[in-house]
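Written out below as C-alpha cells is the structure these notes cover.
The values are calculated or read from the model by the stated rules, or taken from the named source; none is laboratory data. Since we're looking at a predicted model, the values are computed, not measured. Cβ placement follows ideal geometry from the backbone for every residue including glycine, while neighbour counts extend to all protein chains displayed. Quick note on the areas: whole protein, heavy atoms, side chains included, nothing else; ligands and nucleic acids left out. Shrake-Rupley method; radii C 1.70, N 1.55, O 1.52, S 1.80 Å.
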Amino acid sequence: RRDDGAVATITINRPEARNALTAETKVALLQALRGCSADDQIRAVVLTGAGPAFCSGQDLREHAELLAAGDTALDTVREHYNPTIETIAAMPKPVIAALPGVAAGAGASLAFACDFRLAAERASFLLAFARVGLGADSGASWTLQRLVGTARATELLMLAEPVSAATALQLGLLTAVVPDPDLPAAAAEFAARLAAGPTLAYAAIKESLLYGAAHQLSESLEKEADLQVRLGQSEDHR
C-alpha cells in the first residue's frame, strides 16, 4: 500500500508470476483493503498489479500442491476470496481497479467487484474457471451478470475466451481504456477526482446499490429515505 494524500494505491506485487494469488498474497491483500476501509484519511483506493499484468488469479502451482496433498475443499474461497470481495463492495469510499494487463479468474473477479475499472489497451479479461473444471468464484456469478447481463455473463464464464480491452469497453466491463504508458497517471487523476468529491454520498450510493440488488422496491425506497436523512445532516450536503 502506498498513500498519496487521500488516495491509497494497493499493488499486488508478484510480477514474475503475473501477480498470481498465493495464500500469503491473499492475506496481505485483505489486510490492505481492510486498512484502507477503516482509514478516514483515505477517500479513494486504487487496486492494481505490478508489471504487465493486473492479476492472473489463483496461483495454480500452489493450488496443484494442495490438491496433491489431498486438500480438495477449496477453503480459500471462504477464507480469502469471499471476505476480500465483501470488503471491496462494502468499502465506504470508491475503489478503482487499474488494469495494466490481463485479469484472469479471481483476478477478473477482483476487478468486477471494484466501482470503476480503468484499463491499458493491452489489458484483457479471461474468466478461466471452466478451463480448470471449476465454477465461478470471488463474486463473479453476482457481479458479472450485473455488469453485462445474464446471457453475456453465461458466455464469458462457460466459453472462457479472452476478452480484449476494446471489447470489454463495448460490453460495459470497463470505465475507460487508455494507452498503456498512460494508465498510472490516468488512474491517479481519476482517483484524485473522486477523493475530492462527496465521500459520504459515494458511500451511501454504494450502500444503496448493494441493498437494492437483493431487496424489493418498497424496501429499497425506505433504504434511500434513511440514507438521505443521514446525508442531509452532513457538511457535504450543507
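Please give every one of the lysines within straight-line cross-link reach of Lys26, meaning a C-alpha to C-alpha distance under 23 Å, and leave out same-chain neighbours fewer than 8 residues apart.
Candidates past the 8-residue exclusion: Lys93.
One-quarter of the Cα convex hull surface for the range 1-141, in nm²?
Dividing the Cα hull surface by four gives the mean projection, 8.0 nm².
With θ set to phi - 60° and the Karplus curve 6.51 cos²θ - 1.76 cosθ + 1.60, what are the ³J(HN,Hα) couplings of the range 106-116 in order, to the nearest whole Hz, using x for Gly and Pro?
4, x, 5, 4, 4, 5, 5, 6, 6, 7, 9
Give the calculated FRET efficiency between Ile205 and Leu67 to the nearest 0.05, with a Förster radius of 45 Å applied to their Cβ-Cβ distance.
Computed FRET efficiency for Ile205 and Leu67: 0.60.
List the pair-distance distribution P(r) of the chain, using every Cα-Cα distance, as the percent of pairs falling in each 10 Å bin from 0 up to the bin containing the longest distance, rounded to whole percents.
Calculated P(r), rounded to whole percents: 8, 32, 37, 19, 5, 0, 0.
So what J values fall out for the range 23-35 if you push phi through Karplus, 6.51 cos²θ - 1.76 cosθ + 1.60 with θ = phi - 60°, rounded to Hz, Gly and Pro as x?
4, 4, 5, 5, 5, 5, 5, 4, 4, 5, 5, 5, x
Each residue of the range 222-238 in order: what ³J(HN,Hα) in whole Hz does its phi give by Karplus 6.51 cos²θ - 1.76 cosθ + 1.60, θ = phi - 60°, with x for Gly and Pro?
With coefficients 6.51, -1.76 and 1.60, one gets 5, 4, 4, 4, 4, 5, 5, 4, 5, 6, x, 8, 8, 5, 4, 5, 4 Hz.
With Cβ to Cβ distances under 15 Å as the rule, what net charge do the other residues near Leu156 carry (K, R +1; D, E -1)?
With Lys, Arg at +1 and Asp, Glu at -1, the neighbours total +1.
Determine the share of the chain's accessible area contributed by carbon and sulfur atoms, expressed in whole percent, with a 1.4 angstrom probe.
For the chain, the apolar C and S fraction of the accessible surface comes to 54 percent.
For the chain, with only Lys/Arg (+1) and Asp/Glu (-1) charged at the beta-carbon, what is the dipole magnitude about the Cα centre, in debye rounded to 20?
240 debye
Can you compute the charge dipole magnitude of the range 144-238 about its Cα centre, using +1 on each Lys and Arg Cβ and -1 on each Asp and Glu Cβ, nothing else charged? Give it in debye, rounded to the nearest 20.
80 debye
Using the Cα centre of the chain as origin and beta-carbon charges of +1 (Lys, Arg) and -1 (Asp, Glu), tell me which of Ala108, Ala166, His63 is placed farthest towards the positive end of the dipole.
Ala166
So, for the range 1-78, what is the accessible surface per residue at a probe of 1.4 Å, expressed in square angstrom?
Result: 54 Å² of accessible area for each residue.
Accessible area per residue, 1.4 Å probe, Å², for the range 86-184: what's the number?
So the range 86-184 comes to 40 Å² accessible per residue, rounded to a whole number.
Quick query: amide H of Thr22 versus all other amide H atoms, modeled in the peptide plane; which residues come in under 5 Å with a sequence gap of 5 or more or a different chain?
HN-HN under 5 Å from Thr22: Asp59.
Which loop GluC sites (Glu not before Pro) in the range 209-238, with loop taken from DSSP, have no more than 15 other Cβ atoms within 10 angstrom of their Cβ?
Glu235
If you place +1 on the Cβ of every Lys and Arg, -1 on the Cβ of every Asp and Glu, and leave all else neutral, what size is the dipole of the range 102-181 about its Cα centre, to the nearest 20 Debye?
It works out to roughly 80 debye.
Helix-only mean residue ellipticity at 222 nm, the chain, DSSP H runs n ≥ 4 weighted -39,500 (n - 2.57), per residue, nearest 500. What is it?
About -14000 deg cm²/dmol.
Which residue fluctuates most in the GNM of the chain (Cα springs below 10 Å): Gln228, Gln58, Gln41?
Gln228
Could you pull the accessible area for Asp40 with a 1.4 Å probe, rounded to 10 Å²?
My reading of the accessible area for Asp40 is about 130 Å².
If I build a Gaussian network model for the chain, linking alpha-carbon pairs within less than 10 angstrom, which residue out of Val46, Val27, Val177 has the largest mean-square fluctuation?
Val27
Just for the range 63-184, what percent of DSSP beta bridges are antiparallel, to the closest 5?
Among the beta bridges of the range 63-184, antiparallel pairing accounts for roughly 20 percent.
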